[in-house]
1. Please identify the pairs in which a residue from the range 22-40 that is over 20 Å from Pro57 (Cα atoms) has its Cβ atom under 8 Å from the Cβ atom of a residue that is in a helix (DSSP H, G or I), counting only partners at least 6 apart or on another chain.
2. Only residues that are over 24 Å from Ala17 (Cβ atoms), in contact with a strand residue (DSSP E or B) (Cβ under 7 Å, 6 or more places away or on another chain) and crowded, with 18+ Cβ neighbours inside 10 Å: list them for the range 49-88, please.
3. If Glu84 meets every condition in (1) free of Cβ contacts under 8 Å to residues at least 12 places away in the same chain; (2) in contact with a Gly (Cβ under 8 Å, 6 or more places away or on another chain) apart from one, which number is that one?
4. Of all residues in the range 41-64, how many are within 16 Å of Arg76 (Cβ to Cβ), without any contact (Cβ under 8 Å) to a residue 12 or more places away in the chain and of a type outside the set (Lys, Arg)?
5. Scan the helices (runs of 4 or more DSSP H) fully inside the range 1-99 and keep the ones with 3 or more residues being more than 17 Å from the chain's Cα centre (by Cα).
Amino acid sequence: MSEDQTKRDAHAQRECAPVVPLFKAMAHPMRAAIVHRLVAGPADVSQLVALLEESQPLVSHHLKVLREAHLVRINRVGRNSNYELIDEHVAHIFLDALKHTKEHNHDCKH
């Protein structure tokens, strides 16, 4: 491998590195389900707990992971806290991945 190719590869890795935490955050079934629900619009923790049929502390933990990855945010209105996708790009990324897996019948076990 040439020195130029090595430099290009290193540059590509540095350039792509910021997307890794985004995909890593969505790479859990519960977090994917949360993102899928939030594509439809904001929801509070109790709605997500009911949907997922999981404990509130566990759902809150997964929401924290998604917040730290800048995928969701909290919108506080008075005493209510609704979670929503941070922007439309998150919905597009998730929906495109979902469409891709359905089109290609993915059943990855990686």
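Taken together, the values in this text are just the output of simple stated rules run on the coordinates, not laboratory data. In this text, all values refer to a predicted model and were calculated from it rather than measured experimentally. Cβ placement follows ideal geometry from the backbone for every residue including glycine, while neighbour counts extend to all protein chains displayed.
1. Correct list of pairs: Leu22/Ile93; Val39/Ala91; Val39/Phe94; Val39/Leu95.
2. Leu63, Tyr83
3. (1)
4. Residues meeting the conditions: 2.
5. Filter on the range 1-99 gives 3-16, 45-52.
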